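Please read the structure below before turning to the comments.
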Amino acid sequence: MPDAIEVRKVPIHSVADASELAKLIDDGVMAAGRVIAIIGKTEGNGGVNDYTRIISDRAFREVLIEKGAPADQVKQIPIVWSGGTDGVISPHATIFATTDAEPIDEPRLTVGFAMSEVLLPEDIGRVAMVSKVADAVKVAMERAGITDVADVHYVQTKTPLLTVHTIRDAKSRGKTVWTEHTHESMDLSNGTTALGIAVALGEIEMPTDADVMHNRDLFSAVASCSSGVELDQAQVVVVGNATGVGGRYRVGHSVMKDALDSDGIWDAIRDAGLDLPERPRTADLDGRLVNVFLKCEVSQDGQVRGRRNAMLDDSDVHWHRQIKAAVGGVTAAVTGDPAVFVSVSAAHQGPDGGGPVAAIVDLG
């Protein structure tokens, strides 16, 4: 059985800041050598060239080494950064570490990690990538001690997108790529990864190449997929519940049906185990919500609740930034805290125009 999990959310005070992680370690909340995953928001543009992700990654790994964690171990820790804190979203990190706790006969938070096989540029957007991601999700589930897919509530991934260099590499080997538009490949990589998660968890059957980015009826309700230039494999973090691990925390999930669906956020918090009134308010959280993790996407029909919007037609500000800011505002209004993990590019992650929501709560 895996160890119990301690999880804390900390602010990031500047793009290269990891001082709050250092403070957690210094205060004895968690040991540097027991940190197993970090998921956070950085303040860059959220695009292909968002190097704030790399800067934050380096800062957090350097603190772990400075505080005594072996360098080889730190190198393997999955640290998933989502770039872009548009609107009121505040830069922050959620840190997961193992801890000692008495086993209890109730479901509590557990985390598992795996890396996929190398993803070639020609795999991105095709069933080869779906299969490689699905295999990695199953390994991460096993490492988390989860045997029932119903106990998986959140799967956070980081995968490669296409760059001019990797496109050139594929062509040099006589291969084709799904797209030569590098920014479009962010949506593509995320969507293909989500289909792999959905296959692994039995949410859908194996799709075809033609389904990728086209059949939006195929999606995962627990996938949260991010992509960047930092790696050439799928980095997979499975978060769920298992009986016997012990600890104070539990995770739940739901989906937002559209960009304004605050009830979907409340439903995820209820699913995690908080007893809330029928029409809850932020005060009802009573400090027990650790964080929420959302994906969001512009509806393909350019509408929200029957009203037209211009996000998909805007040539000045990309829709990625607009929808992220909008859903970030809705989320912060629920939680009362702008430090929420809201990430864009949610193809095949939740229903069209909506997205998955996961919530981690402290049950005491």
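The values are calculated or read from the model by the stated rules, or taken from the named source; none is laboratory data. Values in this document were obtained by computation on a predicted structure and should not be read as measured data. Cβ coordinates were reconstructed from backbone atoms using ideal geometry, including for glycine residues, and neighbour counts include every protein chain displayed. For accessibility, only protein heavy atoms count, side chains too; no ligands or nucleic acids. Shrake-Rupley method; radii C 1.70, N 1.55, O 1.52, S 1.80 Å.
Quick check: anything in the stretch 312-331 in contact with a Gly (Cβ under 7 Å, 6 or more places away or on another chain) and free of Cβ contacts under 8 Å to residues at least 24 places away in the same chain?
Yes, the conditions are met somewhere in the stretch 312-331.
Give 40, 47, 68 a once-over and let me know the one that is more than 30 Å from residue 214 (Cβ to Cβ), out of contact with any Pro (no Cβ under 7 Å at 6 or more places or on another chain) and open to solvent by less than 20 Å² (accessible area, probe 1.4 Å).
On the way: 47 fails: more than 30 Å from residue 214 (Cβ to Cβ); 68 fails: open to solvent by less than 20 Å² (accessible area, probe 1.4 Å).
Result of the check over 40, 47, 68: 40.
Any idea which of (1) among the charged types (D, E, K, R); (2) farther than 26 Å from residue 10 by Cα; (3) buried (at least 18 other Cβ atoms within 10 Å of the Cβ) is the one residue 321 doesn't satisfy?
Checking residue 321 against (1) among the charged types (D, E, K, R); (2) farther than 26 Å from residue 10 by Cα; (3) buried (at least 18 other Cβ atoms within 10 Å of the Cβ), the one that fails is (2).
Hey, could you check the stretch 113-171 for residues that are in contact with an Asp or Glu (Cβ under 7 Å, 6 or more places away or on another chain) and outside any strand (DSSP E or B) and say which is nearest to residue 245 (Cα to Cα)?
For the stretch 113-171, the residue satisfying everything is 132.
Of the conditions (1) touching a helix residue (DSSP H, G or I) at 6+ places or on another chain (Cβ under 7 Å); (2) open to solvent by 10 Å² or more (accessible area, probe 1.4 Å), residue 169 clears all except one; give me its number.
With respect to (1) touching a helix residue (DSSP H, G or I) at 6+ places or on another chain (Cβ under 7 Å); (2) open to solvent by 10 Å² or more (accessible area, probe 1.4 Å), residue 169 is out only on (1).
Any residue in the stretch 56-64 that is at pLDDT 95 or above, in a loop (DSSP other than H, G, I, E, B), of a type outside the set (Val, Ile, Thr) and in contact with an Asp or Glu (Cβ under 9 Å, 6 or more places away or on another chain)? Outline the logic, then answer.
So in the stretch 56-64, the residues at pLDDT 95 or above come out as 56-64.
Now drop any that are not in a loop (DSSP other than H, G, I, E, B), which leaves none.
Scanning the stretch 56-64, I find no residue that is at pLDDT 95 or above, in a loop (DSSP other than H, G, I, E, B), of a type outside the set (Val, Ile, Thr) and in contact with an Asp or Glu (Cβ under 9 Å, 6 or more places away or on another chain), so the answer is no.
In the stretch 346-364, how many are closer than 27 Å to residue 286 by Cβ, part of a loop (DSSP other than H, G, I, E, B) and of a type in the set (A, V, I, L, M, F, W, C)?
Narrowing the stretch 346-364 to residues closer than 27 Å to residue 286 by Cβ: 355-364.
With the extra rule that they be part of a loop (DSSP other than H, G, I, E, B), the set shrinks to 363-364.
Of the ones still in play, those that are also of a type in the set (A, V, I, L, M, F, W, C) are 363.
Residues flagged as closer than 27 Å to residue 286 by Cβ, part of a loop (DSSP other than H, G, I, E, B) and of a type in the set (A, V, I, L, M, F, W, C) within the stretch 346-364 amount to 1.
What number of residues within the stretch 235-275 are open to solvent by 20 Å² or more (accessible area, probe 1.4 Å), touching a helix residue (DSSP H, G or I) at 6+ places or on another chain (Cβ under 6 Å) and either farther than 30 Å from residue 161 by Cβ or without any contact (Cβ under 8 Å) to a residue 60 or more places away in the chain (or both)?
Result for the stretch 235-275: 2.
What is the number of the single condition among (1) open to solvent by 40 Å² or more (accessible area, probe 1.4 Å); (2) within 19 Å of residue 239 (Cβ to Cβ) that residue 82 does not meet?
(1)
Between a first residue in the stretch 51-78 that is closer than 14 Å to residue 158 by Cβ and a second residue that is open to solvent by 10 Å² or more (accessible area, probe 1.4 Å) and acidic (Asp, Glu), which pairs have beta carbons less than 8 Å apart while being 6 or more apart in sequence or on different chains?
Qualifying pairs under 8 Å: 53/230; 54/230; 57/230.
Step by step: first the residues of the stretch 347-364, then only those that are over 17 Å from the mean Cα position of the chain (by Cα) and closer than 23 Å to residue 107 by Cβ, then the one that is surrounded by the most Cβ atoms within 10 Å (Cβ to Cβ). Which residue is that? Before you say what the answer is, go through the steps one by one.
Filtering the stretch 347-364 down to residues over 17 Å from the mean Cα position of the chain (by Cα) leaves 352-353, 362-364.
From what is left, the residues that are closer than 23 Å to residue 107 by Cβ are 362-364.
Working: 362: 19, 363: 14, 364: 6.
In this case the residue turns out to be 362.
Starting from the stretch 218-234, take each residue that is touching a residue at least 12 places away in the same chain (Cβ under 8 Å) and list its partners that are charged (D, E, K, R) and open to solvent by 30 Å² or more (accessible area, probe 1.4 Å), counting only C-beta distances under 8 angstrom and pairs at least six apart or across chains.
Listed by first residue and then by second, the contacts come to 218/211; 219/203; 220/203; 221/203; 230/57; 233/117; 234/132.
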